[in-house]
Amino acid sequence: MTQIIVKFDSSNKDVQICSKSNGEVIFKNISLNKLMDLLIQEGMKYDDEKKDMVLLDHQIIGVGRNYVVINQPECRKIVTYIDTGSYRINFPNAIYIMHFYGNKIQDIQAFSYIEYKGLDTDLYEYPMPNELSGNKICMGSADRKIVNQDYTGALERIIATQYTHSHFSGVKGFSNTVKWFEYLQKNKFPYKLLRKLNMQLRDIRV
């Protein structure tokens with residue numbers, strides 16, 4: 001593409017472009033996202049500046065312009081509650097959708113699951129304190145910076161930040177944070193207590 005004219009219409013989410021390539025003039029309507037992708041692709045052709053290679057962590061199962069999707073299978077994690085200190089608990093299978101701008105996390109949606117089946121994975125409420133509406137994690141004063149595009153490391157810092165909510169509602173049979181952490185220190189994660197959301201991973205809109 002050698003020339004391009006872009007026309008924006010405030011009443012429409014699409015943009016109209018007129019492009020000229022090899023003497024041929026083309027008119028078309030495209031989405032704003034498609035235009036951004038097109039400009040990035042074209043810019044890369046003429047950018048001689050060397051870039052650092054970015055290798056994505058194996059836990060990252062999805063990526064977009066301003067988000068990543070992280071899948072963390074069940075594991076042991078150290079968590080901290082503000083009033084009683086730290087606990088080493090059995091943490092459930094979880095999927096996190098991290099939205100960011102530049103090198104700073106904007107918000108994180110969190111879900112749990114029993115068995116990973118790609119887009120057909122059944123999602124459950126995130127069974128941890130500090131939950132917000134919309135399946136989002138309350139990050140409070142946590143460090144939201146993403147260093148060297150290490151999205152998983154940034155997520156771990158959020159999870160390691162002190163929990164402050166004394167009660168929560170993301171799992172059946174427990175509502176007290178301390179009792180929940182004490183239980184998870186000594187027992188396997190009880191997936192039968194998860195609250196089903198009646199949605200699958202494919203239903204998430206980012």
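Here is how the numbers come out for the structure above:
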| item | result |
| --- | --- |
| Residues of region 130-188 satisfying the condition of being within 24 Å of Ile204 (Cα to Cα), touching a residue at least 60 places away in the same chain (Cβ under 8 Å) and either in contact with a Gly (Cβ under 8 Å, 6 or more places away or on another chain) or among the aliphatic types (A, V, I, L, M) (or both) | Leu155, Ile159 |
| Exclusive hit being among the aromatic types (Phe, Trp, Tyr) and either open to solvent by 40 Å² or more (accessible area, probe 1.4 Å) or assigned to a helix (DSSP H, G or I) (or both), set Phe181, Phe189 | Phe181 |
| Top-ranked residue of region 81-97 - restricted to ones that are hydroxyl-bearing (Ser, Thr, Tyr) and open to solvent by 30 Å² or more (accessible area, probe 1.4 Å), ranked as nearest to Gly62 (Cα to Cα) | Ser86 |
| Residue check for Tyr163: open to solvent by 20 Å² or more (accessible area, probe 1.4 Å) and of a type in the set (Ser, Thr, Tyr) | no |
| Verdict on Gly140 being closer than 16 Å to Asp83 by Cβ and modelled with pLDDT under 90 | yes |
| Meets criteria (within 21 Å of Gln59 (Cβ to Cβ) and of a type outside the set (A, V, I, L, M)) for Lys117 | yes |
| Any hit, region 192-204, residues being without any contact (Cβ under 8 Å) to a residue 60 or more places away in the chain and open to solvent by less than 50 Å² (accessible area, probe 1.4 Å) | no |
| Output for region 79-107, where each listed residue is closer than 18 Å to Met139 by Cβ, over 14 Å from the mean Cα position of the chain (by Cα) and hydrophobic (A, V, I, L, M, F, W, C) | Val79, Ile82, Phe91 |
| Gly118 vs. criteria under 16 Å from Ile82 (Cβ atoms) and exposed (fewer than 14 other Cβ atoms within 10 Å of the Cβ) | no |
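The values are calculated or read from the model by the stated rules, or taken from the named source; none is laboratory data. Computed from a predicted structure; not experimentally measured. So basically every Cβ, Gly included, is an ideal-geometry build from the backbone, and we count neighbours across all protein chains shown. The accessibility values were calculated without ligands, DNA or RNA, using every heavy atom of the protein model including side chains. Shrake-Rupley method; radii C 1.70, N 1.55, O 1.52, S 1.80 Å.
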